[in-house]
Amino acid sequence: MARITAGVATSHVPAIGAALDLGKTQEPYWQPLFRGYEFSKRWIEQQRPDVVFLVYNDHATAFSLDFIPTFAIGCAASFAPADEGWGPRPVPVVEGHPALAWHIAQSVIQSDFDLTIVNRMEVDHGLTVPLSLMFGQPQAWPCRVIPFAVNVVQYPPPSGRRCYELGKALARAVESFDEDLNVQIWGTGGMSHQLQGPRAGLINREFDTRFLDRLVNEPEALAAMPHIDYLRDAGSEGIELVMWLIMRGALSAQVREVHRFYHVPASNTAVGHLVLENT
Amino acid sequence: MPLDRPYADIPGTTVFDAEQSRLGYHLNMFCMSLMKADNRVRFKADERAYLDEWPMTEAQKQAVLARDYNGMIALGGNIYFLAKVFATDGKSFQYAAALMTGMSQADYAAMMLNGGRPAGLAPATKEPGNG
């Protein structure tokens, strides 16, 4: 039987990918950030997940305004890194897990979450930067990845409550898959940041710290936080954090926080990172 | 009944909601077209002619030509789409963010290194957000 063993949350700032790809990780600006992931890289080497269910958002790359799916599950056998304007990132092609992805799609839709099924999709930094942070720069990614794209560009994104409940449905779907698989769920994006308008550059360490605490210890209550609180306190792009609630919803009620990291800034953004194990 | 827009009073912030997306569809899809290298070449060769291929308003076209990002946002642009324009110009997200705040890029970068813009403080250049 497949089972979800752990969750990872991390920001997915594009400049982090550029720093990695251009060999700048040892520069004074970037060094403290990459140091924050050293534990996680050792940890995941021991954990050896078979599949990562990776919750992220597309940034006007695979989805324009022609189609705006709220929740889209990638069921393809592989997903190529997208050209976001500077050529594709020099990272391996992402190998999917069509059998598990289709199983999850059918199961979750029957639990009243109306997913969009995607059979062809390129993946942008939202998906590849977390893989780079956790796995470094291998020739091939060491596990299969199911991309799960959430709309957080067109307002309104799904509510925190909806995301949290979806996470629970995902966990049930994974547990009903017959093959013996070690599955991790990752939630990406955030933390506080605003990329647009005169208020660009907003960072809210206090909000972020409280969000991390509550995500670990009182996710039910955190899931009730309305969009306006994210927009006001975490910035217009900080609303990406609703995706972390999908990850948390898929984990057990009590989790072990084995690692936490927080750093300001990466370009325009506060970087947050958690490693949580199911109990 | 009008939609509830409790975010309309957040200073210096335009939420890309249904209204903005409706206004900005063609502007944003023009931006999206710059994902293709051939289109970037054609745009750079004659920006006005390229813009005239799109059913955008004259105000939207003028905002693009002037690289007035706050203006483009007010007219329905979304920052992830507008990013294709400054990427075409070879500019970074931090360059564009600084421009929108009215700060120099050096001052903006220094603000970020010092922990970013405090959430409680209104931006220096006060411009209306939604509504």
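The values are calculated or read from the model by the stated rules, or taken from the named source; none is laboratory data. Quick caveat, the model's predicted, so the values are computed rather than measured. Ideal geometry is used to build each Cβ from the backbone, glycine not excepted, and the neighbour counts take in all protein chains shown.
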Selection from the stretch B:53-78 of residues of a type in the set (A, V, I, L, M) and in contact (Cβ under 8 Å) with a residue 40 or more places away in the chain yields B:Met72, B:Ile73, B:Ala74, B:Leu75
inquiry  = Checking the structure you have, find out if any residue of the stretch A:153-160 is more than 14 Å from the chain's Cα centre (by Cα) and within 16 Å of A:Pro14 (Cβ to Cβ).
reply    = yes
- [ ] Tell me, yes or no, whether the stretch A:61-68 has at least one residue that is surrounded by fewer than 15 Cβ atoms within 10 Å (Cβ to Cβ) and aliphatic (A, V, I, L, M).
- [x] yes
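I need a count of the residues in the stretch A:1-26 that are away from chain B (no Cβ under 14 Å), in contact with a helix residue (DSSP H, G or I) (Cβ under 9 Å, 6 or more places away or on another chain) and over 30 Å from A:Glu179 (Cβ atoms).
We begin by selecting, within the stretch A:1-26, every residue away from chain B (no Cβ under 14 Å); these are A:1-10, A:20-21, A:23, A:25-26.
Cutting the leftovers down to in contact with a helix residue (DSSP H, G or I) (Cβ under 9 Å, 6 or more places away or on another chain) gives us A:1-10, A:20-21, A:25-26.
Keeping just the survivors that are over 30 Å from A:Glu179 (Cβ atoms) gives A:20-21, A:25-26.
Number satisfying all stated conditions: 4.
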Among A:Leu274, A:Leu241, the single one that is surrounded by 22 or more Cβ atoms within 10 Å (Cβ to Cβ), farther than 23 Å from B:Gln94 by Cβ, modelled with pLDDT of 95 or more and of a type outside the set (D, E, K, R) is A:Leu274
B:Ala109 passes all but one of the listed conditions (1) at pLDDT below 95; (2) more than 7 Å from every other protein chain (Cβ to nearest Cβ); (3) closer than 30 Å to A:Gln31 by Cβ; (4) crowded, with 16+ Cβ neighbours inside 10 Å; the exception is number (1)
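Any idea which residue in the stretch B:39-55 is surrounded by the most Cβ atoms within 10 Å (Cβ to Cβ), counting only those that are charged (D, E, K, R) and either closer than 15 Å to B:Ala66 by Cα or touching a helix residue (DSSP H, G or I) at 6+ places or on another chain (Cβ under 8 Å) (or both)?
Looking at the filtered set, the residue picked out is B:Arg40.
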Exception for A:Ile203 within (1) surrounded by fewer than 17 Cβ atoms within 10 Å (Cβ to Cβ); (2) among the β-branched types (Val, Ile, Thr); (3) facing chain B (nearest Cβ under 9 Å) falls at (1)
Within the stretch A:254-270, restricting to residues that are among the polar types (S, T, N, Q) and under 30 Å from B:Phe93 (Cα atoms), the one that is farthest from the other protein chains (Cβ to nearest Cβ) is A:Thr269
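Restricting attention to the stretch A:128-153, which residues are polar (S, T, N, Q), surrounded by fewer than 17 Cβ atoms within 10 Å (Cβ to Cβ) and in contact (Cβ under 8 Å) with a residue 60 or more places away in the chain? Spell out how you get there, then give the answer.
Applying the first criterion (polar (S, T, N, Q)) to the stretch A:128-153 yields A:128, A:132, A:137, A:139, A:151.
Adding the requirement that they be surrounded by fewer than 17 Cβ atoms within 10 Å (Cβ to Cβ) leaves A:137, A:139.
Hit for the stretch A:128-153 is A:Gln137, nothing else.
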Quick check: anything in the stretch A:23-40 under 23 Å from A:Ala171 (Cβ atoms) and either over 16 Å from the mean Cα position of the chain (by Cα) or in contact (Cβ under 8 Å) with a residue 12 or more places away in the chain (or both)? yes
Scanning the stretch B:21-35 residue by residue, the ones that are facing chain A (nearest Cβ under 9 Å) and within 17 Å of A:Glu84 (Cα to Cα) total 6
Would you say B:Tyr69 is closer than 25 Å to A:Leu65 by Cα and either surrounded by fewer than 19 Cβ atoms within 10 Å (Cβ to Cβ) or more than 7 Å from every other protein chain (Cβ to nearest Cβ) (or both)? yes
*On the given criteria, is A:Ala6 in a loop (DSSP other than H, G, I, E, B), among the small types (Gly, Ala, Ser) and touching a residue at least 60 places away in the same chain (Cβ under 8 Å)?*
no
Restricted to the stretch B:1-20 and to residues being part of a helix (DSSP H, G or I) and surrounded by 14 or more Cβ atoms within 10 Å (Cβ to Cβ), the residue nearest to the other protein chains (Cβ to nearest Cβ) is B:Gln20
Requiring at least 2 residues that are among the small types (Gly, Ala, Ser), the strands (runs of 3 or more DSSP E) wholly within the stretch A:25-122 are A:71-74
